[in-house]
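Any read-out appearing in this document is the output of simple, stated calculations on the displayed coordinates, not a laboratory observation. Quick caveat: nothing in here was measured; it's all calculated off a predicted structure. Cβ atoms come from the backbone with ideal geometry, glycine included; neighbour counts cover every protein chain shown.
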Amino acid sequence: MSIHLQETRRRRTFAIVSHPDAGKTTLTEKLLLFGGAIQMAGSVKGRKAARHATSDWMALEKERGISVTSSVMQFPYEGKIVNLLDTPGHADFSEDTYRVLTAVDSALMVIDCAKGVEERTIKLMEVCRLRDTPIMTFINKLDREGRSPIELLDEVESVLGIACAPVTWPIGMGKRLKGVYHLVLDEVHIFEPGKNFTRQDSTIFKGLDAPGLLEKIGDEAMRELREELELVQGAAPSFEMDEYLAGKQTPVFFGSAVNNFGVQLLLDFFVEHAPSPRPRGTLSRDVQPEEEKLSGFVFKIQANMDPAHRDRVAFMRVCSGTYNAGMKMVQTRTGKDIRIANALTFMASDREIVETAYPGDVIGLHNHGTITIGDTFTEGELVNFTGIPNFAPELFRRARLRDPLKMKALQKGLAQLSEEGATQFFRPLMSNDLILGAVGVLQFDVVAYRLKDEYNVDATFEPVTVTTARWVHCDDEKKMAEFREKNAMNLAIDGAGELVYIAPTRVNLQLAQERWPQVRFANTREHA
Ligand code: GDP
């Protein structure tokens with residue numbers, strides 16, 4: 001087998017999806033510990049503040065080094081290379097999450113055993129659905145009293161519409177938690193707070209009749225377990241690889257992330273069964289990861305990752321071929337060749353120059369404003385990967401500058417931060433206003449904070465009479481010129497130089513659409 005093929009097959013690229021507080025950060029940390037990627041728990045903590053409040057977000061910014069490099073975490077485990085792509089927790093950053101989900105091959109869903117399926121989980125599952133992403137499920141916080149495991153599986157099945165195949169089963173819960181039973185390995189793993197870090201550090205019984213087990217967990221727990229297993233093994237399907245890969249069945253694990261309990265069972269199963277890089281669709285054909293020529297797409301852009309260097313980094317998922325430092329790639333949107341010598345790779349706590357990368361890996365390209373989200377890079381073939389979503393802003397504010405002399409810096413900051421895709425920046429044709437569009441209201445606070453911190457610009461955002469934006473196109477140039485002239489009051493240029501109709505009201509937009517049937521009004525900027 002070629003090195004390229006070997007390396008491709010051992011990649012596992014995934015993201016964790018969950019409702020805030022279910023335990024994603026804690027689980028991430030434990031997974032990194034297993035991978036030897038971090039020495040001490042706590043390293044991932046800084047970034048979770050983002051979703052709680054702006055003030056927390058600001059504190060988080062001070063720890064930027066930690067927070068942002070951990071957006072892609074790579075670690076080896078059991079001969080496999082695991083790439084864990086972080087997703088922001090706050091709903092105001094959900095577009096970012098959706099795009100990250102286009103760059104993974106599978107997902108891990110974390111559910112709080114007391115809360116069950118929550119609203120954000122439902123939304124994120126819908127996104128996974130669109131691409132039939134295979135999903136494993138971890139039901140967390142077993143050390144607390146929660147809902148009955150059977151009820152939880154029922155809820156996942158009925159609310160999320162995916163069949164559950166329990167792989168581990170809890171023995172008790174909360175104060176009565178004794179351990180879990182592994183249905184596939186036929187093993188009982190005893191819950192021992194402060195231990196359970198590795199197999200060696202755990203008490204494991206082979207089978208339910210193993211000597212000593214009954215004494216260990218007691219009659220009542222044993223009876224309950226046998227009863228539940230009988231029920232579950234009768235009613236629930238057993239794990240089926242094909243069903244899992246098709247996104248129709250989810251293997252389910254129970255545990256307690258904070259106690260490190262049940263996590264290794266999950267990780268072992270994950271690296272064995274989760275898919276290696278899968279084919280990706282382009283406008284013309286599917287690209288197979290086994291193909292020798294490099295291809296990849298950009299799913300995320302981050303400005304000022306390293307404040308000392310003021311760099312902007314585009315995150316590219318490799319879809320086929322091998323990346324080698326110094327190679328030439330073509331950006332298929334523009335047809336331009338670029339030579340990449342210093343792409344970055346991301347470890348949990350460091351980033352370094354990457355020499356080689358394989359399908360499933362994510363590399364960071366230095367961006368000087370020429371790369372946009374959704375861009376495809378190849379070794380020459382002009383294909384475009386599809387399915388990277390663009391979002392229409394729903395909230396609009398005008399930037400107000402405290403110091404008018406900082407106008408240039410403000411423009412630059414708004415333009416660069418908007419490359420990240422969470423906000424969009426519009427300059428009306430007829431005024432000197434700078435208007436920012438966003439999907440979530442927290443974005444304005446974040447941008448104001450970052451303008452100050454990263455661009456030394458003091459700006460606030462105030463209401464503006466813009467209700468919605470539409471990217472306008474017309475094949476007839478004369479008509480377009482006429483449209484432009486008649487509607488100059490409501491037209492603006494976006495960060496990429498595209499013409500946008502910014503409507504003061506929905507009625508106004510409707511009238512404009514009726515009056516100009518030749519003009520197309522698109523919800524989002526169209527990718528070439
Ligand atoms: P996230 O918002 O999904 O990233 O959740 P966190 O990992 O930050 O966890 C939210 C809260 O739940 C934190 O206070 C954690 O310490 C706590 N937590 C996480 N895992 C467990 C667990 O297994 N048991 C208990 N009791 N608490 C947990």
Dipole axis of the chain (+1 Lys, Arg; -1 Asp, Glu on Cβ), positive-most option in Met136, Val167, Phe521
Phe521
Go from 0 up to the bin containing the longest alpha carbon distance in the chain, width 20 Å each, and give me the % of pairs per bin.
21, 50, 25, 4, 0
Those lysines that a straight Cα-Cα span of less than 27 Å connects to Lys486, excepting residues fewer than 8 apart in one chain
Lys478
For the chain, what is the mean residue ellipticity at 222 nm derived from helices alone (per DSSP H run of n ≥ 4: -39500 (n - 2.57); sum divided by total residues; nearest 500 deg cm²/dmol)?
-8500 deg cm²/dmol
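Return the FRET efficiency for the residue pair Glu355, Gln200: r is the Cβ-Cβ distance, R0 is 45 Å, and the value is rounded to the nearest 0.05.
On the way: r = 34 Å, r/R0 = 0.76.
E(calc), rounded to 0.05, equals 0.85.
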Say the cut-off is 21 Å between C-alpha atoms; which of Lys30/Lys195; Lys123/Lys175; Lys248/Lys293 go over it?
Lys123/Lys175; Lys248/Lys293
Mind listing the long-range amide H neighbours of Gly172? Cut-off is under 5 Å, sequence gap 5 or more, other chains count too, H placed in the peptide plane at 1.01 Å from N.
Lys178
Around Arg11: net Lys/Arg minus Asp/Glu count, Cβ-Cβ under 10 Å:
+1
Which lysines, if any, have their Cα less than 16 Å from the Cα of Lys206, not counting same-chain residues under 8 positions apart?
Lys178, Lys216
I'd like the distance between the alpha-carbon centres of segment 453-528 and segment 122-159, rounded to an integer number of Å.
41
Distance histogram for segment 246-324 (every C-alpha pair counted, 5 angstrom bins, percent rounded to whole numbers)
3, 11, 13, 12, 13, 14, 17, 13, 4, 0
Computed about the Cα centre, the charge dipole of the chain from +1 Lys/Arg and -1 Asp/Glu charges at the Cβ has a magnitude in debye, to the nearest 20, of 1700
Non-local residues with an amide H under 5 Å from the amide H of Asp458, with H modelled 1.01 Å from N and Pro and chain starts lacking one, are Arg402, Asp403
Taking a ≥ b ≥ c as the square roots of the Cα gyration tensor eigenvalues, with a/c under 1.5 meaning rounded and otherwise prolate when a/b beats b/c or oblate if not, segment 332-483 comes out oblate
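How many Å³ per residue does the convex hull of the Cα positions in segment 201-259 occupy? Write out the running numbers ahead of the final one.
Values: hull volume 8.3 nm³, N = 59.
In segment 201-259, the Cα hull volume divided by residue count equals 140 Å³.
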Taking Lys406 as the anchor, which lysines have their alpha carbon closer than 24 Å to its alpha carbon, excluding any fewer than eight residues away along the same chain?
Lys62, Lys452
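Using the beta-carbon distance between Arg402 and Ala522 and R0 = 30 Å, what value does 1/(1 + (r/R0)^6) give for FRET efficiency, to the nearest 0.05? Can you show the working numbers first?
Working: r = 35 Å, r/R0 = 1.18.
Rounded to the nearest 0.05, the efficiency is 0.25.
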Work out how much length Thr370 to Asp242 would gain on full extension: take 0.36 nm times their residue separation and subtract the Cα-Cα distance, in nm to one decimal.
42.0 nm
Residues other than Thr468 with Cβ under 12 Å of its Cβ, Lys/Arg counted +1 and Asp/Glu -1, net out at +1
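Using a Förster distance of 35 Å, how high is the FRET efficiency between Ser148 and Ser2, based on the Cβ-Cβ distance and rounded to 0.05? Display every interim value, and only then the final one.
Numbers: r = 50 Å, r/R0 = 1.43.
The computed FRET efficiency comes out at 0.10.
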Around Trp169, with a cut-off of 15 angstrom between Cβ atoms, what is the net charge of the other residues, counting Lys and Arg +1 and Asp and Glu -1?
-3
